[in-house]
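The values are calculated or read from the model by the stated rules, or taken from the named source; none is laboratory data. Since we're looking at a predicted model, the values are computed, not measured. Backbone-built Cβ (ideal geometry, glycine too); neighbour counts: all protein chains shown.
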């Protein structure tokens with residue numbers, strides 16, 4: 001068990017009409033402090049988006065999630081949030097919000113490979 005590391009993850013959701021509280025999963029964000037890892041993986045199914053709300057533009061969501069990716073990467077283009085420590089970036093991205101893009105509550109787990117775990121959760125929860 002010493003090869004396992006604790007991690008936290010949240011599911012990223014699109015909530016086309018916040019007042020209706022309907023959503024669908026589009027991504028995962030995962031943080032592992034001991035491995036100094038934060039990663040995000042997402043995919044927006046355009047057909048599902050159109051079924052939920054035909055007037056929404058896919059590009060808007062893609063741009064928004066690319067900004068989250070820049071924050072995860074710690075890129076200069078991620079702004080002040082991207083310059084924060086990994087844990088602070090994760091907490092900021094997974095904070096409760098009532099916008100069109102939200103994240104679930106965070107969930108814990110154990111992993112020996114955070115990148116593989118991110119991929120596994122993505123496969124199960126998003127695709």
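In table form, for the structure just shown:
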{"item": "Within the stretch 1-33, considering residues that are loosely packed, with under 15 Cβ neighbours inside 10 Å and closer than 26 Å to residue 85 by Cβ, the one modelled with the highest pLDDT", "result": "6"}
{"item": "Residue, farthest from residue 47 (Cα to Cα), within the stretch 57-67, restricted to residues that are touching a strand residue (DSSP E or B) at 6+ places or on another chain (Cβ under 7 Å) and either assigned to a loop (DSSP other than H, G, I, E, B) or in contact (Cβ under 8 Å) with a residue 40 or more places away in the chain (or both)", "result": "65"}
{"item": "Qualifying residues in the stretch 68-97 (those that are in contact with a helix residue (DSSP H, G or I) (Cβ under 6 Å, 6 or more places away or on another chain) and in a loop (DSSP other than H, G, I, E, B)) - the one surrounded by the fewest Cβ atoms within 10 Å (Cβ to Cβ)", "result": "75"}
